Amino acid sequence: MRSQASPNSSRLPQALFWLMVGLALWTPVQWAEWQRDNSQGQWWNLFATAGWLLVLWVMAWRAQGRLSRTLWSGVLLGSIFLRVLHAGLVHFSGQGFTVDVFLHLEWRSVHLALAQYGLAIAVLFVCLGLLAVVAPRVLGFCRVGPQRGAMTAVVTGLALMLLARGGLPEYQLLRAAQAWFTPLQTELAPELLQRWQTASWLQLDLLPKEKVKARAADAPKNLILLYLESGGRALFDLPRWPDLMPNLRALDQQYGLATDLHASAFITIEGIANSQCGTLLPFQHDSDSMAAGDKVFARMTCLGDVLQRAGYQNVWLGGAEMGFAGKGAFLQAHGYSELYGLRHWQAQGLPVDEQNWGLSDVDLLSQAEREWERLHAGGQPFNLSLLTLGMHLPGFRYPECVPYAGSDAQFLQAAHCTDQLVGAWVERLRQRGVFKDTVLVITADHHVFPNPEMRELFGEAVEDRRLPLIIIGEESLPTSVSATAAQVDLAPTLLQMLGIEHSAPFLLGRSVWAAGIADRYLPTRYRDVFRGQEVDAAADCAAATTPPTLPLDVCGKRELMQVLNATVGALQQAAPRLSCDLESPALQWRAVADSSADLFLDERPQRAHFTRDARPLREWQAGMYALDFDPNGVLRHRHFLPAELPSDDLRWNALQGESPRRLWLWWPAGQTLSVDHPLRRAWQQRWPDAPQQSPWLAIDRSEKTHALDDHWSLSPEECHQLLGA
């Protein structure tokens, strides 16, 4: 006969267990809020965690079966994991769960996190594993409690969680997900639109890029545009860290154009997009500018678009993966015809450290010199843009740099190294005579993240979010200005500096030499600037006025973001749609003007919307292409996997699972896959008669393939078969 433990004998282990659970839930968030010096957040965390712990306690009492105990354990482990992840995000960027998390949610981020925080992650999962073993055993000692007491505990817990929901990382993640997945609102109430049209600092009548006209100067200047990673101007001259960045400080003092250029962005892709397009990047999932080409930013008019219209060639150099956070997709959609990133440098045989994001700044700046020579020899005016890596957290110092004597802090060493490399690079450009017909512009993507380490190093300078705007050239350039400007002003400023006449309006951006620029309101996603001072939206909402009263209150700021997103969203081109009811086929394969062939969906050619390494395909390349549709025939995703992709590459996972509405296209380009290649095995299981050395097309639920040597159209029967439930 089994002996049963007495109630008293089980109380101590249960008490210790619940103490451990409470600390595991409370400590990560408490540490994060303490690091951010957020006393209010610490109190909210205490109340919210107490409420959540009460709910978990009642759930544990009611979990009597094995399945219910397993589910309860999963909920607990997931909550602890989210809280530790939240603390890690605060430690890295100073922010918790925001839409930025979803923008960077890809394998590259996971790979870098494992490389830099592998030991901490391993310890976390070991602890979670031990807890997963202990939790069901402890629950076995629990007995069902009184119904009335359980209900009181649940109500109390839910009330505490509702009151202090801002202290719940789970709630923060839910709000961020809601913002990310909410489509842009493109229609506004007429009275709202009319009120904001009276704001002189907004330009709501935008032109899609295909309608913009531009003409270069008679003697066009070339442009080199250098973005310094996390290169806030405040870092150039810090009393606590003397001579940290003396070269950039000297360049800023001699060639600085605007002393008060406020950041309009908080992360890299945002800084690039906002500075190039003169507006704020909408961060919802349905508006990200992926190279699939149907997203809202694809039709925005940006710096590269105007330069391309004016006859410039746009080239981008970066040490990191071009596809990360949609950076390459954005650039290729806006006039950059050549993009060189991590995969290109690997193919060239250059030393690349993927754990440090990619190509070193030493090699990147050297490649920029070679690229300038190539472009200069071509005779066409050009824009050569590049982004450094060295000051990306946690910071990277290269052997070519002299260490900083003031501290051994990793980020300070990285900043000092970046300063040396850029200073020497500028001097080499000068000696080679680059500035005779080329203008160098040095700015930054954003300031340093306000994480605990940066606050410890730089104190209040972390809140000084001004960026450099250094313009170097041998011939006379427009005079410097002291007016308050913003990162969104970069594109119109550079176009005026280069003497380019154009018809492109920018929603927020203005040239720094424009009249009335000092009186503008400069918004960002979080904090705004008005007449040179940062302002916070007031807690109370005043009555709406025409034009809106400045500085904006919380309701005015909310309206402004709606207006900005709606104005940008109005340019969005609807995704192509496959209709089975049209008399003329909605999906065709036919020849085009250059004697090649293309796949047309809803009369739109598709080849250029497929990408490889974040660049559009200019010609069909050997590999498998796929189009995924929703039940209404709207195109949702495009996939391309090159034939030479290694069989263990993780990108194969994108096409391993079957989609209920997927159209496949195989383009061999003369290649034949090996018998054991995963792609060949996958298609031969479904289409054993598919040819090897000629293009063919099929749909998921059909065993028939269509040869694409001649004109081909999807029949209504096959269309219904593809979209059918």
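The values are calculated or read from the model by the stated rules, or taken from the named source; none is laboratory data. Just so it is clear, the structure is predicted and the values come from calculations on it, not from any experiment. Here Cβ is always computed from backbone atoms with ideal geometry, including for glycine, and neighbour counts include all displayed protein chains. Ligands, DNA and RNA are excluded from the accessible area calculation, which covers all protein heavy atoms including side chains. Shrake-Rupley method; radii C 1.70, N 1.55, O 1.52, S 1.80 Å.
Using a 1.4 Å probe on the protein heavy atoms only, what accessible surface does ARG430 show? Give it in Å² to the nearest 10.
Approximately 80 Å² of ARG430 is accessible to the 1.4 Å probe.
Calculated from the structure, Rg/Rh (Cα atoms, Kirkwood Rh) equals which of [x] 1.14; [y] 0.97; [z] 1.00?
[z]
Given an 8 Å cut-off on Cα distances and at least 6 residues of separation, report the relative contact order of the chain as a percent.
That works out to 15 percent.
Ranking request for peptides 95-102, 442-449: highest mean number of other beta-carbon atoms within 10 Å first, then the rest in descending order.
Result, highest mean first: 442-449, 95-102.
Taking the alpha-carbon distance from LYS221 and a cut-off under 13 Å, which aspartates and glutamates remain once sequence neighbours fewer than 8 residues away in the same chain are dropped?
Cross-link targets: ASP437, GLU474, GLU475.
Apply the a/c threshold of 1.5 to the C-alpha gyration tensor of region 297-337 and tell me whether it is rounded, prolate or oblate.
Oblate, because a/c is 1.5 or more while a/b does not exceed b/c.
Enumerate by residue number the GluC sites (Glu not before Pro) in region 170-216 meeting two conditions: DSSP loop (anything except H, G, I, E, B), and at most 10 other Cβ atoms within 10 Å of the site's Cβ.
Qualifying residues, ordered by number: GLU187.
Explain nothing, just the number: dipole magnitude of the chain about its Cα centre with +1 on each Lys and Arg Cβ and -1 on each Asp and Glu Cβ, in debye rounded to the nearest 20.
Using only the charged Cβ atoms, the result is roughly 2180 debye.
Name the residue from PRO452, PHE435, VAL462 whose Cα lies farthest towards the positive end of the charge dipole of region 427-467, charges +1 on Cβ of Lys and Arg and -1 on Cβ of Asp and Glu.
Looking along the dipole axis, the top candidate is PHE435.
Put +1 on the Cβ of every Lys and Arg and -1 on every Asp and Glu Cβ in the chain; which of LEU522, LEU708, GLN684 then has its Cα farthest towards the positive end of the dipole?
Result: GLN684.
Can you order the peptides 371-382, 413-424 by their average number of other Cβ atoms within 10 Å per residue, highest first?
Ranked by mean Cβ neighbours within 10 Å, highest first: 413-424, 371-382.
Which of LEU85, THR49, PHE506 sits closest to the plus end of the dipole of the chain, meaning its Cα is farthest towards the positive end, when Lys and Arg get +1 and Asp and Glu get -1 on the C-beta?
THR49
When the solvent-accessible surface of protein heavy atoms is calculated with a 1.4 angstrom probe, in what order do SER264, SER39, SER407 fall, highest first?
SER39, SER407, SER264
Report, in deg cm²/dmol and to the nearest 500, the calculated mean residue ellipticity at 222 nm for the chain, where each DSSP H run with n ≥ 4 adds -39500 (n - 2.57) and the sum is divided by the residue count.
Estimated from H runs of four or more residues: -13000 deg cm²/dmol.
Out of the total accessible area of the chain (probe 1.4 Å, heavy atoms of protein only), what percent is carbon and sulfur?
55 percent
Keeping every protein chain present and rolling a 1.4 Å probe, give me the accessible area per residue for region 23-110 in Å².
Ligands and nucleic acids excluded, the figure is 48 Å² per residue.
Scan the chain and note any complete DSSP helix (H) whose C-alpha atoms cover at least 30 Å along its axis and whose Kyte-Doolittle average is -0.5 or more.
Flagged H segments are 7-35, 39-62, 66-93, 107-139, 410-431.
Within the chain, what percent of beta bridges assigned by DSSP are antiparallel, to the nearest 5?
Counting only bridges with both partners in the chain, antiparallel ones make up about 65 percent.
I'd like the accessible area for HIS711, computed on protein heavy atoms only with a 1.4 Å probe and all protein chains in place. Round to 10 Å², please.
Its heavy atoms expose roughly 120 Å² to the probe.
Label region 368-508 by shape, choosing from rounded, prolate and oblate, from the square roots a ≥ b ≥ c of the eigenvalues of the Cα gyration tensor; if a/c is under 1.5 it is rounded, and otherwise prolate applies when a/b is larger than b/c, oblate when it is not.
Here region 368-508 falls in the oblate category.
Please give the per residue accessible area of region 408-458, computed with a probe of 1.4 Å over protein heavy atoms only, in Å².
Ligands and nucleic acids excluded, the figure is 31 Å² per residue.
Considering only protein heavy atoms, what is the solvent-accessible area of ARG636 at a probe of 1.4 Å, reported in Å² to the nearest 10?
Roughly 140 Å² of ARG636 is accessible to a 1.4 Å probe.
What does the highest-first list of 547-558, 229-240 look like by mean Cβ count within 10 Å?
Descending mean neighbour count gives 229-240, 547-558.
Using +1 on the beta carbon of Lys and Arg, -1 on that of Asp and Glu, and nothing else charged, what's the dipole of region 377-439 about the Cα centre, debye to 20?
The dipole of region 377-439 has a size of about 220 debye.
On a straight-distance basis, which lysines could pair with LYS557 in a cross-link, Cα separation under 29 angstrom, same-chain partners fewer than 8 positions away excluded?
LYS557 reaches LYS209, LYS295, LYS327.
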